[in-house]
C-alpha cells in the first residue's frame, strides 16, 4: 500500500522558490545597499543633483502611516507613476494629512546618493539593481542625460533652440 504522506512532502527549497516567484514585484521599493533597511523611493534623481535620490524609510513611521504608505505604493496609480513622489503629493493618510507634506515636515524624506540604494523589483538576485545603474538605463532608453530624468511626469524637458524660427 502506498503511503500518501510521501507524495505530500515538498522539498523546502522548491517551496521557498515557489513562494518567491508568487510574490508580486513593485516599483518604487528598495533598500539601503549596506544595511538592507527597506526604503520607498520618492524621486530617483534630484534637480541639479542627478547622483542623489529622495527616499523615505517606512520603519520610522507609525504603524498606521506605514500601512497607508504601503497601500499607496501598491496601488495601481502609485505603480503607474513615473516618480512616486508626484503621486504621493495627491494622497492623504487615513487621518486626512497629506502624505508628502507630512513626510517633508517631519524630516522623513532623506537625500541619499543613488549608489547607496538598491532597487528591489523582484525576489531573486536578478530582481535587484543599484539605483544609479537603473537611472543610467532609463536615461539611455529615453535618449536623455541622467540630469534630465527629474522632470514632470517623466517627460524630459525640451529646451528650445534660440536660433529656431517659430512655425506659423
message: Taking the number of other C-beta atoms within 10 Å as the exposure measure, put 26, 93, 43 in order starting with the fewest.
response: 26, 93, 43
- prompt: Out of every Cα-Cα pair in region 28-154, what percent are more than 19 Å apart?
  reply: 46
query: By per-residue mean of other Cβ atoms within 10 Å, what is the highest-first order of 138-147, 61-70?
result: 61-70, 138-147
- request: Evaluate the relative contact order of region 28-154 (contact order divided by residue number), counting alpha-carbon pairs under 8 angstrom at least 6 apart; express in whole percent.
  value: 29
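Every number in this text was worked out from the coordinates using simple rules, so none of it is lab data. Values in this document were obtained by computation on a predicted structure and should not be read as measured data. A quick note on method: Cβ atoms are made from the backbone with ideal geometry, for glycine too, and the neighbour counts reach across all protein chains shown.
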